[in-house]
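These notes are about the structure you will find just below.
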Amino acid sequence: MMIKSLQELSEYTEELSDSRSNTGDINVLVSLGTCGIAAGAEEVHKAIRKTINENNLGHRFNVIETGCMGLCFCEPSIELEDTKNGKSIIFGNVKPENSEKILNTDFQSEPKEIDIIEKGWYYPDEAENTDNYLQAKIALRNTGRINPEKIDDYISHSGYKALGRVIQDMKPEDVIDEITKSGLRGRGGGGFPTGKKWTFAAAQSTEEKFVICNADEGDPGAFMDRAVLEGDPHSVLEAMTIAGYAINATKGFIYIRAEYPLAIERLELAINQSREMGFLGKNIFNSNFSFDIELRFGAGAFVCGEETALINSIQGLRGMPSNKPPYPAVEGLWQKPTIVNNVETFANISTIIRKGHEWFRKIGTEDSPGTKVFALAGKIQNVGLIEVPMGTTLKNIIYDIGNGIADNKKFKAVQTGGPSGGCITPDYLNTPIDYDSLKKLGSMMGSGGMIVMDEDDCMVDIARFFLDFTVDESCGKCVPCRIGGKQMCGLLEKITKGKGTEKDLRILKSLSETIKNASLCGLGMTAPNPVISTMKYFAHEYEEHVYDKKCRAGKCQELITYSVIPDKCVGCTACKKICPVNCISGKVKEPHFINSDKCIKCGECYRVCKFNAISKS
Amino acid sequence: MEKQITFTIDGKTIKASPKDTILTAAEKNGIVIPNLCYNKEVSCTAACRLCIVKIEGRPGFHPSCAMKAADGMKVKAFTDEIEKQRRIILDLLLSAHNDDCINCKKDGDCELQDLAFKYNLGRDSRDFPPIWEQLEETSDSTSQVLDYDATKCIQCQRCIKACQEKQGKGILTFANRGIKTTVTTGYPQWNASLCDGCGECQQACPVGALTMKPVYSPNNRVRQKDIEKTTTTTCPYCGVGCQIDVSTINNRIVKVDGHNDIPNHGSTCVKGRFGLDFVNHPERLTKPLIRKDGKFEEAEWNEALKYTADRLVKIKTEYGSNSVCGLSSARCTNEDNYLFQKFMRSIVGTNNVDHCARL
Ligand SMILES: Cc1cc2nc3c(=O)[nH]c(=O)nc-3n(C[C@H](O)[C@H](O)[C@H](O)COP(=O)(O)O)c2cc1C
Ligand code: SF4
Ligand code: SF4
Ligand code: SF4
């Protein structure tokens, strides 16, 4: 069926809600994203279906297979929602055998042995007031709430309304104006004002222009784009089409990494459904405007997320960045004006159009309106995907949403902005985070990775770890990044091995400045950030490694000596038995001794000693 | 007349065309901003980052090879800060470069060596340990005319772009990424690729990474500084008339380069660059031969010309003009070929005239 006008769209939406009244009142939302499936969500889903069928409960329950709810720490997860009174309850770590108990819930008493996840994770799109919620969902508004494989689900959640309104009631410049006024900034890392980018592209008078959605998502630990594409693909298609209308382009590409097979499958399905209903293709909403979208696959190089490298890759060239200017908005794909926007950026667009820029500006901060999705990871209790208003403090995120540091350890730092971001120390936990405040702290927003570190992490080692990644992913085009990164890794390795000198620290500092200043693309320019920020906030740790040959976190193997504390040793021989190089001697029931010349510092003795008799220093 | 723009570099007023980049404008005004990947014959790469400058009102550093000069711009090109970055970049390049200059064909003709000398970056003055030895880079000497030494390659892309943009062949690309990046034909071996050995790439290489095999003196490697004389001449092969620089030692050809002038602008094909070995070949004909009693015998020019003229007259009178045909060579000049067809038509009296390039 083809939808030709807003009128037809709202009639169709009504039909959908009528037909829904035939099914059950209680929605059973089963989170079936890649992560949920890996945790066993498909078995749980089958068990739920089976229980409903066997007990003839079809009239009560309406099972919805959704994308990721973001509750990584307790997958598989299931949400029950009573559509009559709005009550809902979320279950975590669900096993197939729990299905009966879950379906029997009365929304009051909590069934034992299944984890109940505190509500407050969701602030659905429709709510006007963000105050009582820690999170605010705009980009993830449908992710985990609708079935991504059914266009009807998207439509009944106001889907394609914004597109209809744009085409029927707005001029392209009005659309750009609305986006500009909303203050939306690119969520792919740079934070460039989206409206401004569209304005540049719209101002070019060439016949052919392109819209590209950057779904390369190469930051290790970031998976918000995957969540959107798997959970709400239509929101991206709708936004790209709106962008096409705004800049007068007729063709869009989604550049997605081939490692996201489920997202690709759902996107392909969504594109076909959208074409069938006339939201893509010729004469959309019966207008002169035509637009279509194709997928292009990336082979998983981090640098291909950089927009000029991405464009080269689509053109069939080696994925290497080009110097800017010219910017893609002026000279992009096949030298034609091209806007490249991130998945999450696009996921904000239709809500902004539907609710207006004033509504959007009420959320977030003056310079960074709206929300940001973060992928919480590392030494934190609640690992997962969250969306919070800009300006939320790190403290809120780590302690209130993330539930604090795992294993009762002491918080040391949080790395924002992925491997090319910087670390932030406990002193700055109260900073409201947005693009500019993070930059001021020497870190960055990046795509929204957030890795929490505790007292067991050595900051020199952490810097080396992140740098290893960027050095590995350097495209090799420019000298500072290609060779400078490698040399920087060498220096850090030297320091973690206790062989660093004062001169090395000096060289490290000036080298990181040069790489930052002189590299061609963002990868090189930001690669030294972990080094620069750890050298700034944890200078003492570097000094300890260099001057005292000590690693306070006990991470740097070469700097650790294992020895037996004779007073505590009961002579149980456990250490002696496990040592792979037989460097521990001692008789039963007598204190043992470690020959530190032979010791390879594997730490096995430390691990097996039940009497805390091995010291690590 | 084209509008001129005026801007300053380190306070000095520079006049340039709006088409100029900061780098080319500087060059025209006698200021040489250090660079390695820049090659005016091909598109801008902006990869070596040596030519970075600062521009007032714009944050950060900018490669001057990629930035168009604009009216009123205030450029800083040689401040201490910028020179410090350049030094570090050069130091980095040298750490990944096999600096065995003593044994290098490009010794004395190497842009990296020149810059290292200029910045006084002898081994003792460098901050970074040599890492090139640990890199497993794949060199390739399977081409009949080229050697690729990956340990010397500075990944400037000049070869890749010369092959693609000047020769239109696109044989070369990079393999791997990061520090492991090397030039490749995409085949396991150079000689399996479609490379026809024109040598454009090695001519563009600023260092000793891509070099000519010593085809003219296989047992005697020659460096630029050994060359006694270089003569600019016309390639004797096809009718295009490429200009070439023929270098000789002791009156023997040791190498041929493309000369940067009309019509070839520095390019040659494989024959022009590597095919002139016939000049010094012992079997090369230096005198006309006349077959006597079934055997070729050396003759003087006068004798040979007279013999040919007599035979032509005889054949023409006995069998008619059309029993003669003339075949000229594309390796002759236009003027020679014009004269030849004129001779065939008006003196021999036939239209039977053709030349090798049509066959
Ligand atoms: C090394 C590197 C990797 C990047 N990877 C991504 C990515 O995976 N996804 C993305 O959206 N943007 C990525 N970017 C940013 C893009 O270049 C570009 O700025 C962005 O897609 C623009 O979209 P936005 O304005 O909506 O953020 C990357 C940038 C760099 C320098
Ligand atoms: S900064 Fe790194 S990734 Fe970017 S162009 Fe240079 S070498 Fe390539
Ligand atoms: S010799 Fe000529 S064809 Fe071969 S790679 Fe070099 S430029 Fe290309
Ligand atoms: S072979 Fe020469 S021209 Fe080619 S990239 Fe290496 S250094 Fe540059």
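For B:PHE278, the solvent-accessible surface computed with a 1.4 Å probe is close to 60 Å², ligands and nucleic acids excluded. Here chain A is treated as an ellipsoid with the same Cα gyration tensor; its semi-axes, largest first and in whole Å, are 46, 33, 19. The value for segment B:3-90 of Rg(Cα) / (2.2 N^0.38 Å) is 1.00. Using Cα springs under 10 Å in a Gaussian network model of chain B, which residue among B:SER17, B:SER143, B:SER64 shows the largest mean-square fluctuation? Looking only at B:SER17, B:SER143, B:SER64, the biggest GNM fluctuation is shown by B:SER17.
Order A:CYS583, B:CYS269, most accessible first, counting only protein heavy atoms with a 1.4 angstrom probe. Don't skip to the answer; put the middle values down first.
Details: A:CYS583 10, B:CYS269 65 Å².
Accessible-area ranking of A:CYS583, B:CYS269, largest first: B:CYS269, A:CYS583.
Each residue was assigned an accessible area with a 1.4 Å probe, and for B:ASP20 the value is about 10 Å². Spin-label model, B:ASN103 to A:ASP597: label points 7 Å out along the Cα-to-beta-carbon direction sit 4.0 nm apart. Post the alpha-carbon centroid distance, segment A:525-584 to segment A:303-382, in whole angstrom. Their Cα centres are 41 Å away from one another.
One Cα centroid belongs to segment B:115-163, the other to segment B:252-313; the line between them spans 40 Å.
Taking segment B:1-85, which trypsin sites (Lys or Arg not before Pro) meet the DSSP loop condition and have no more than 13 other C-beta atoms within 10 Å?
Of the trypsin sites (Lys or Arg not before Pro), the ones in loops of segment B:1-85 whose Cβ has at most 13 other Cβ atoms within 10 Å are B:LYS3, B:LYS19, B:LYS40.
Here the peptides A:46-56, B:29-39, A:524-534, A:439-449 are ranked by packing, the mean other Cβ count within 10 Å, and the order with the highest first is A:524-534, A:439-449, B:29-39, A:46-56.
Under 8 Å for C-alpha pairs, at least 6 residues apart: give me the relative contact order for segment A:523-599, rounded to a whole percent.
Averaging sequence separation for qualifying contacts and normalising by length gives 21 percent for segment A:523-599.
Per the Kirkwood formula applied to alpha carbons, segment A:23-119 shows a radius of gyration over Rh ratio, Rg over Rh, of 0.92.
So, with a 1.4 angstrom probe, what is the percent of accessible area on segment B:5-78 that is carbon and sulfur? Intermediate values should be presented prior to the final figure.
On the way: 1660 of 3040 Å².
The C+S portion of the solvent-accessible surface of segment B:5-78 is 55 percent.
Straight-line reach from B:LYS105: taking Cα to Cα under 18 Å and skipping same-chain neighbours fewer than 8 places apart, the lysines in range are B:LYS152, B:LYS213, B:LYS225, B:LYS229, B:LYS255. Between A:ASP427 and A:GLU455, the C-beta separation translates, for a Förster distance of 22 Å, into a calculated FRET efficiency of about 0.90. Between A and B, roughly 2600 Å² of accessible area is buried in total, ligands, DNA and RNA not counted and the probe set to 1.4 Å. Applying the criteria of a DSSP loop state and at most 12 other Cβ atoms within 10 Å to the trypsin sites (Lys or Arg not before Pro) of segment A:520-617 yields A:LYS587, A:LYS589, A:LYS598, A:LYS610.
Rounded to the nearest 0.05, what FRET efficiency do A:ARG354 and A:LYS181 give with R0 = 22 Å and r taken as the Cβ-Cβ distance? Could you check?
0.90
Extension gain for A:THR83-A:ARG60 works out to 7.2 nm (0.36 nm per residue, less the C-alpha to C-alpha distance).
Looking only at other chains, what is the average number of their beta-carbon atoms within 10 angstrom of each beta-carbon in B:44-54?
Mean inter-chain Cβ contacts per residue within 10 Å come to 5.
Simple spin-label model, 7 Å along Cα-to-Cβ: B:ALA304 to B:VAL32 in nm? Computed distance between label sites B:ALA304 and B:VAL32 equals 4.8 nm. Taking all Cα pairs closer than 8 Å and separated by 6 or more residues, the relative contact order of segment A:561-616 comes to 47 percent.
Would you please give the FRET efficiency between A:LYS497 and A:ARG296, computed as 1/(1 + (r/R0)^6) with r the Cβ-Cβ distance and R0 = 45 Å, to the nearest 0.05?
The value I calculate is 0.55.
Each part gets one Cα centre, and for segment A:255-300 versus segment A:26-55 those centres are 27 Å apart.
What length, rounded to one decimal in nm, is gained on full extension from A:GLN7 through to A:ASP548, with 0.36 nm per residue of separation minus their alpha-carbon distance?
Value of the extension gain: 187.3 nm.
Tell me, what is the percent relative contact order of chain A, built from C-alpha pairs under 8 Å that lie six or more residues apart? Over chain A, the number comes to 11 percent. Taking each residue as 0.36 nm, the span from B:THR232 to B:SER139 lengthens on full extension beyond its C-alpha to C-alpha distance by 30.2 nm.
Scalar couplings 3J(HN,Hα) for segment B:301-309, obtained by applying the Karplus form with A = 6.51, B = -1.76, C = 1.60 to θ = phi - 60°, are 4, 4, 5, 5, 5, 5, 4, 5, 5 Hz; x denotes Gly and Pro. Contact residues in segment B:173-187 (at least 20 Å² less accessible area with all protein chains than alone, 1.4 Å probe): B:PHE174, B:ARG177, B:GLY178, B:ILE179.
So which residue, out of B:ASN220, B:ASN322, B:ASN264, gets the largest mean-square fluctuation from a GNM of chain B using Cα contacts under 10 Å as springs? Sorting by GNM fluctuation, first place goes to B:ASN322.
Ignoring ligands, DNA and RNA, what percent of the accessible area of segment A:474-617 is carbon or sulfur (1.4 Å)?
52 percent
Within the straight-line cut-off of under 16 Å between alpha carbons, the aspartates and glutamates reachable from A:LYS550 are A:GLU455, A:ASP456, A:ASP457, A:ASP461, A:GLU493, A:GLU502, A:GLU541, A:GLU558, sequence neighbours fewer than 8 places apart in one chain being disregarded. A 1.4 Å probe run over segment A:151-359, with the rest of the protein chains in place, finds 33 Å² accessible per residue. Here the Gaussian network model covers chain B, with springs between Cα atoms less than 10 Å apart; of B:GLN341, B:GLN224, B:GLN203, B:GLN341 fluctuates the most. In this Cβ point-charge picture (+1 for Lys and Arg, -1 for Asp and Glu), chain A has a dipole of about 2440 debye about its Cα centre.
For A:LYS503, the solvent-accessible surface with a 1.4 Å probe is about 90 Å², rounded to the nearest 10.
Per-residue Cβ counts within 10 Å, from other chains only, averaged over A:481-492: what number is that? Don't skip to the end; give the middle numbers.
Details: counts 5, 11, 15, 8, 3, 10, 10, 1, 1, 5, 3, 0.
Rounded to a whole number, the mean comes out at 6.
Rounded to the nearest 20 debye, the dipole magnitude of chain B is 740 debye, with +1 charges on Lys and Arg beta carbons, -1 on Asp and Glu beta carbons, and the Cα centre as origin. Ranked by solvent-accessible area (1.4 Å probe, protein heavy atoms only, all chains present), the residues A:HIS157, B:HIS265 order from largest to smallest as B:HIS265, A:HIS157.
The values are calculated or read from the model by the stated rules, or taken from the named source; none is laboratory data. As the structure is a prediction and not an experimental result, all values here were calculated from the model. Methodologically, a virtual Cβ is constructed for each residue, glycine included, from the backbone with ideal geometry; neighbour enumeration extends over all protein chains shown. To get the accessible areas, we keep the full protein, side chains included, count just its heavy atoms, and leave off ligands, DNA and RNA. Shrake-Rupley method; radii C 1.70, N 1.55, O 1.52, S 1.80 Å.
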